[in-house]
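Enquirer: Got a structure here, written out as structure tokens. Questions coming.
Read the figures in this text as sums done on the coordinates, not as results from a lab. The structure displayed is predicted, hence computed values, not measured ones. Quick reminder, even Gly has a Cβ in these numbers, built from the backbone with ideal geometry, and neighbours come from all protein chains shown.
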Amino acid sequence: MEELESWKRTHETPTEWRIRRSFLEKNFNKLHPERLECLSHCFTNATLYKVKYPEKVMEEVLENLVFVT
């Protein structure tokens, strides 16, 4: 999806972008763009840096993890 390249942030490392892009690709048509953006960052931060978010946010991330391989 070329369209997703515009979502990449200049500060993202290749690893961060690879992980976040996989989440974006799998959930692109499932979530509202603003929510998708937010959850994709949460997913990346939780995966790479073990950041913890409020329980409801983590539940939503986990619900959408089913779609990420």
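Enquirer: List the residue pairs whose Cβ atoms are under 6 Å apart, where the first residue sits in the stretch 13-30 and is over 12 Å from residue 64 (Cα atoms), the second is among the β-branched types (Val, Ile, Thr), and the two are 6 or more positions apart or on different chains.
Expert: These pairs meet every condition: 16/44; 19/44; 19/47; 20/44.
Enquirer: So which residues in the stretch 15-69 are among the polar types (S, T, N, Q), in a helix (DSSP H, G or I) and loosely packed, with under 15 Cβ neighbours inside 10 Å?
Expert: Residues of the stretch 15-69 among the polar types (S, T, N, Q): 15, 22, 27, 29, 40, 44-45, 47, 64, 69.
Those still in the list that are in a helix (DSSP H, G or I) too: 15, 22, 27, 40, 44-45, 47, 64.
The answer is 15, and nothing else.
Enquirer: Now for a separate question. For the stretch 15-65, name all the residues that are touching a Lys or Arg at 6+ places or on another chain (Cβ under 9 Å), among the aliphatic types (A, V, I, L, M) and farther than 22 Å from residue 3 by Cα.
Expert: 46, 58, listed by residue number.
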